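Below you'll find the structure, written out as structure tokens, and then a few comments.
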Ligand SMILES: [Fe+2]
């Protein structure tokens with residue numbers, strides 16, 4: 001982990017070997033489709049029945065929990081932020097409390113269990129990795145020594161794109177940085193993530209089973225002065241993606 005954190009701080013991103021996640025990730029993507037999406041009407045997702053608002057959501061009015069649909073024509077707050085219509089996609093924001101929140105809202109079904117059990121396992125493995133990473137960040141950089149994992153706010157997003165974009169742009173939305181501390185790009189069913197680390201260079205990130213790509217996002221950038229990684233995606237078609245947005249408790253209490 002020592003070398004990994006050194007590279008993350010020097011190069012703004014690093015491939016982290018995570019062989020323990022190898023089989024769990026494609027299985028989670030598949031079970032999201034079969035156990036969850038396969039058991040609820042797509043219209044209910046499209047009309048926001050499964051969107052939930054939790055206490056840790058970053059922006060009021062931008063539901064950030066439960067199962068969320070974004071598609072061109074839908075009036076959603078993130079469109080204002082990015083300025084272009086979203087891709088057609090559905091995703092679950094999986095947090096520690098997601099199953100309980102869905103139960104409270106009377107939206108949970110027992111058929112979801114295999115997916116949620118798998119996500120709980122994935123999450124506990126990732127939490128161990130994040131603790132290691134924080135430990136090393138603190139050793140290598142004194143001002144990062146007081147960071148702690150904000151376990152409630154950190155979220156795994158499991159995303160299924162529904163159809164290719166129709167605007168022939170070849171791109172999915174705008175290049176952006178993420179709002180959390182560190183982003184862990186965990187799984188792609190096909191390559192699609194594009195990085196823009198310099199003004200002239202675009203890199204297509206290959207799929208790399210057994211590895212996750214960790215990169216610096218906005219909050220860690222503001223703490224360290226290391227610029228967050230600008231990224232977007234190539235036209236997604238029917239790609240499936242799993243990403244973890246890792247949040248820390250900062251020393252200023254945020
Ligand atoms: Fe992003």
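A short reminder: the numbers here are calculations on the coordinates, not readings from a lab. As the structure is a computational prediction, the values presented were derived from the model and not from experiment. As a convention, Cβ positions derive from the backbone with ideal geometry for all residues, glycine included, and neighbour counts pool all protein chains shown.
If each DSSP helix of 4+ residues adds -39,500 (n - 2.57) and the sum is divided by the residues in the chain, what number results at 222 nm, nearest 500 deg cm²/dmol? Display every interim value, and only then the final one.
Values: 7 runs with 71 residues, N = 254.
Theoretical 222 nm ellipticity from helices: -8000 deg cm²/dmol.
Rounded to the nearest 0.05, what FRET efficiency do residue 106 and residue 200 have when you use their Cβ-Cβ distance and R0 = 45 Å?
0.30
Using only Cα positions of region 174-214, each an equal point scatterer, no hydration layer, compute I(q)/I(0) via Debye at q = 0.15 Å⁻¹ and quote the log10 values to two decimals.
Here the Debye-derived log intensity ratios amount to -0.40.
Where the Cα atoms of the chain are projected onto their three principal axes, how long is each span, largest first, in whole Å?
Computed over the chain, the largest-to-smallest principal extents equal 50, 40, 36 Å.
Given an 8 Å cut-off on Cα distances and at least 6 residues of separation, report the relative contact order of the chain as a percent. Write down the numbers at each step before the final one.
Working: 483 pairs, mean separation 64.5, N = 254.
Dividing the mean separation by the residue count of the chain yields 25 percent.
Any chance you could run the full-extension gain for residue 47 through residue 11? It's 0.36 nm times the residue separation minus the Cα-Cα distance, nm to one decimal. Each step should come with its number before you reach the end.
Values: separation 36, 0.36 × 36 = 12.96 nm, distance 4.14 nm.
Using 0.36 nm per residue and subtracting the Cα-Cα distance, I get 8.8 nm.
Compute the semi-axes of the equivalent ellipsoid of region 203-254, taking the square root of 5 times each eigenvalue of the Cα gyration tensor, and list them largest first in whole Å. Don't skip to the answer; put the middle values down first.
Values: eigenvalues 140, 33, 24 Å².
Result for region 203-254: semi-axes of 26, 13, 11 Å.
State the dimensionless ratio Rg/Rh of region 136-254 (Rg: radius of gyration of Cα atoms; Rh: Kirkwood radius).
My calculation of the ratio gives 1.00.
Between 104, 53, 207, which gets the highest mean-square fluctuation from a Gaussian network model of the chain, Cα cutoff 10 Å?
Its mean-square fluctuation being the largest, the pick is 104.
How many angstrom lie between the C-alpha centres of region 1-71 and region 169-248?
13 Å
Mind checking which of 161, 91, 175 has the largest fluctuation in a GNM of the chain, springs on alpha carbons under 10 Å?
Evaluated over the chain, the most mobile residue of the options is 175.
Once the piece of chain linking residue 179 and residue 141 is laid out straight, how much longer is it, given 0.36 nm per residue of separation minus the C-alpha distance between them?
On the way: separation 38, 0.36 × 38 = 13.68 nm, distance 2.14 nm.
So the extension gain works out to 11.5 nm.
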